[in-house]
Amino acid sequence: MAPVPKFVATFLYAFGIWTPDSWKPSIQPQQPLLEDAVPITSPGSKLFDGAGHGPIFQPPNSPEIDEFICDYTAMKGYLPCSAHSDRGCWLRNPLTRSEFTINTDYEQTAPIGVVRSYHLYASEMNLTLDGVLNTDGQVFNRSYPGPAIRACWGDTIEVTVHNNLKNNGTTARYQAARYISNGELNRLYIIRSGFAHPYPSYHQDGVNAITQCAIAPGQQLTYRFHAIQYGTSWYHSHYSLQYANGLLGPLIIYGPMSANYDTAKDPLLISDWRHMGAFRAWELGFPNQTSQSITIDGVGTYNGPGKYTTFFQKGIRYLFRLINTSVDTTFIFSIDGHWLQVIEADFVPIKPYGNSSVLIGIGQRYNIIVSALPNVTSPDGNYWIRTVSASGGCARFDNPQPDNRTGIVRYNPFSKSLPSTSMWEFATLCSDETYSSLEPVVPWEVHWNGTSFNHVFVADRSSNTWPPYWPNASVPRFELADMPMWLNYTSPTLLNLNADFSQQKWLAVVETDNDLDAWVVLLITEQTNQTAVGKQPLPLAHPIHLHGHDFALLVQSSTPYTTIEEVRERMQLHNPPRRDVALLPLNGYLVIAFKADNPAAWIMHCHIAWHASSGLAAQILENPKRITIDKPVLAEMQETCRTWTDWWEAHGGSKNGWQDDSGI
Ligand SMILES: [Cu+2]
């Protein structure tokens, strides 16, 4: 596929129209490097007249063959300042010396961008990602992965999700259209006093039964949010197990980086993959909830080395965006003979550190820079890219175990041979990157002197058989809050702020007496009390994901929780690592903290999809008294609920009780 000619891209961009051809550049070897970012000036174009307004330019960290542009028309007097020798700079006003850089506190200020509109169409599709047919695929825009949603730092993103799903592929009896909601967008806005934002966003998180009702089949819903953070993420359906079937895609916000690179690769979505749809596997029970293959960027090979290929030119520094979109697998990414420089964890730029590999939990993202200067010689110039499954229960593949050689770096674009390189030696333990390595560029100082946690969550296996999952008997029940979570699809939390939540133990109300600077501190621990009645341990590492906030990781302990005094001795308050997914270590605990400055209902869940379905999740209802729902927003929410409830009742939802799982 040829690159989209510039005038076409401009047309698409200017009218907010998006087509599949505009986002998926083909891989072509030996591309010329991008220059340092300079404004595009094209005298014939009104959009690009270059006079009297701020800069329009191609972001330096978009992929090599690309026509995507950042439009900072409103940033009068500013120039782009990203350069090969200074990727930390983004925009600078030479007269006022005001600038937006890697050191800018993005939670206080962001550049003014433009509104970008995307449309996602969910539908069924047969998928043959690894050479084996899966007839239960569910995708956005007839593609796996779905289209990249892209924007520049400070843009407003509008995503309209159209639910064209016809059936869900569970069983013939239960074949029914299901709704799609669009999660994982929440980290892109934080509502703060004194910080301008064009739209209220507390209802834009896209979690069914928490921030909205479902989007019924045939319906659509538009999400709007403000990209005050930048970096690498993904979007996915948050309805039950839908993302396991393919409803996901990358989400990239262009901005500065904490180390220098020359050019960027496409985002790499790394995932486990199954030949059977997730709803079918769920119904068949635990033995069937396994994976068969590994895909990179949607490409894999069942029982053999993968086909993903990328090309290097010697001496060039490449930016990679790694995203683990798995259902059940923690991956360790490496490239034979190449050292990695890690520069961003989730949405948080960090001080660069080097490693031979990087461990990526489910839902986590890392930006890395790879210099094309291998430290071992490969005669044919080919090197394996590897995605090794972490050990200790952090992956569950059928035999034959998938090949960890899932991609190839080629220095010679004409070579067709397979690499003969050896893997770096590294540990495969299922534990996050070293705590002290993840040092954010923009620091947080956490102030906490409490004598108790705001809430304590214990991850365990429960003997509860309520709430009613379908099929009721055969699925395990996990819990974070003394009861497996179960969400009512027709009644989202945000429309029930005054309800009595006492029976919903998975919902934690956090109130800070209107002090938006107060820190909320949560303990999340594995169940290690063998005598707890009705509880059993869940001895695995769990990737715990919080919506609505980056959290400071005050303690990440691989030894069991003892006392709060021990926590106070161990916790790091000065610029701790922060992110939005952290591995709860096997038999250990996490202490996380965030400022209660984003009042809304946020979900916190294990990102192993089977575990979330089994109820290993909780809701944080943050300062509910500060949540005011504007009339138009309320009307839209109620309309979404009305169309969903109509559809749900018409298809016997409440009567048949065919909600498969926790709801997420
Ligand atoms: Cu889990």
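The values are calculated or read from the model by the stated rules, or taken from the named source; none is laboratory data. What you are looking at is a predicted structure, and each value in this text was computed from that prediction instead of being measured. In this analysis, Cβ positions are derived from the backbone assuming ideal geometry, glycine residues included, and neighbour counts consider all displayed protein chains. Areas reflect the complete protein model, heavy atoms only, side chains present, ligands, DNA and RNA absent. Shrake-Rupley method; radii C 1.70, N 1.55, O 1.52, S 1.80 Å.
Within region 334-344, identify whether any single residue is modelled with pLDDT under 95 and surrounded by 24 or more Cβ atoms within 10 Å (Cβ to Cβ), and answer yes or no.
Taking every residue of region 334-344 in turn, none turns out to be modelled with pLDDT under 95 and surrounded by 24 or more Cβ atoms within 10 Å (Cβ to Cβ).
Find all pairs meeting these conditions: Cβ atoms under 7 angstrom apart; at least six residues apart or on different chains; first residue within region 520-546 and among the small types (Gly, Ala, Ser); second residue within 16 Å of the ligand (Cβ to nearest atom) and assigned to a strand (DSSP E or B).
Within 7 Å, the pairs are 534/462; 541/583; 541/584.
Return yes when residue 565 is acidic (Asp, Glu) and either part of a loop (DSSP other than H, G, I, E, B) or more than 23 Å from residue 443 (Cα to Cα) (or both) and no when it is not.
It is true that residue 565 is acidic (Asp, Glu) and either part of a loop (DSSP other than H, G, I, E, B) or more than 23 Å from residue 443 (Cα to Cα) (or both).
Of the conditions (1) assigned by TED's automatic domain parsing to the domain that holds residue 311; (2) surrounded by fewer than 16 Cβ atoms within 10 Å (Cβ to Cβ), residue 449 fails just one. Which one is it?
(1)
Among what's in region 224-238 and is assigned to a loop (DSSP other than H, G, I, E, B) and not polar (S, T, N, Q), pick the residue that is modelled with the highest pLDDT.
230
Quick check on region 248-261. Is at least one of its residues farther than 30 Å from residue 114 by Cβ, of a type in the set (Ser, Thr, Tyr) and open to solvent by 10 Å² or more (accessible area, probe 1.4 Å)?
no
Restricting attention to region 505-544, report how many residues are polar (S, T, N, Q) and away from the ligand (no atom under 16 Å from the Cβ).
The number of residues fulfilling the criteria is 5.
Could you run through region 598-625 and say how many residues are farther than 30 Å from residue 469 by Cβ and open to solvent by 10 Å² or more (accessible area, probe 1.4 Å)?
So the answer is 2.
Filter region 605-615 for residues that are part of a loop (DSSP other than H, G, I, E, B) and under 18 Å from the mean Cα position of the chain (by Cα); which is nearest to residue 508 (Cα to Cα)?
Only one residue fits best here, namely 607.
Does residue 233 qualify as being small (Gly, Ala, Ser), on the phi < 0 side of the Ramachandran plot and open to solvent by 10 Å² or more (accessible area, probe 1.4 Å)?
The answer is no for residue 233.
Please name all residue pairs, on different chains or six or more residues apart, with Cβ atoms under 8 Å, provided the first residue is in region 591-609 and is under 12 Å from residue 454 (Cβ atoms) and of a type in the set (A, V, I, L, M) and the second residue is at pLDDT below 95 and within 16 Å of the ligand (Cβ to nearest atom).
592/546
Can you pull out the residues in region 424-440 that are open to solvent by less than 70 Å² (accessible area, probe 1.4 Å) and more than 25 Å from residue 258 (Cβ to Cβ)?
428, 430
I need the full set of residues from region 314-333 which are assigned to a loop (DSSP other than H, G, I, E, B) and open to solvent by less than 10 Å² (accessible area, probe 1.4 Å), in order please.
Listed by number, the residues that qualify are 325, 326, 327, 329, 330.
Could you please give the count of residues in region 157-175 that are β-branched (Val, Ile, Thr), modelled with pLDDT of 50 or more and crowded, with 21+ Cβ neighbours inside 10 Å?
Result for region 157-175: 3.
Counting just the residues of region 617-642 that are touching a His at 6+ places or on another chain (Cβ under 7 Å) and assigned to a helix (DSSP H, G or I), which one comes out farthest from the ligand (Cβ to nearest atom)?
Checked region 617-642; the qualifying residue farthest from the ligand (Cβ to nearest atom) is 633.
Looking at 419, 471, 402, which one is open to solvent by 20 Å² or more (accessible area, probe 1.4 Å) and at pLDDT 95 or above?
402
Could you tell me which numbered condition residue 266 fails, if it satisfies all but one of (1) farther than 18 Å from residue 245 by Cβ; (2) open to solvent by 10 Å² or more (accessible area, probe 1.4 Å); (3) modelled with pLDDT of 95 or more?
Condition (3) is where residue 266 drops out.
Of all residues in region 601-616, which are among the hydrophobic types (A, V, I, L, M, F, W, C) and within 7 Å of the ligand (Cβ to nearest atom)?
Passing the criteria: 606, 608, 616.
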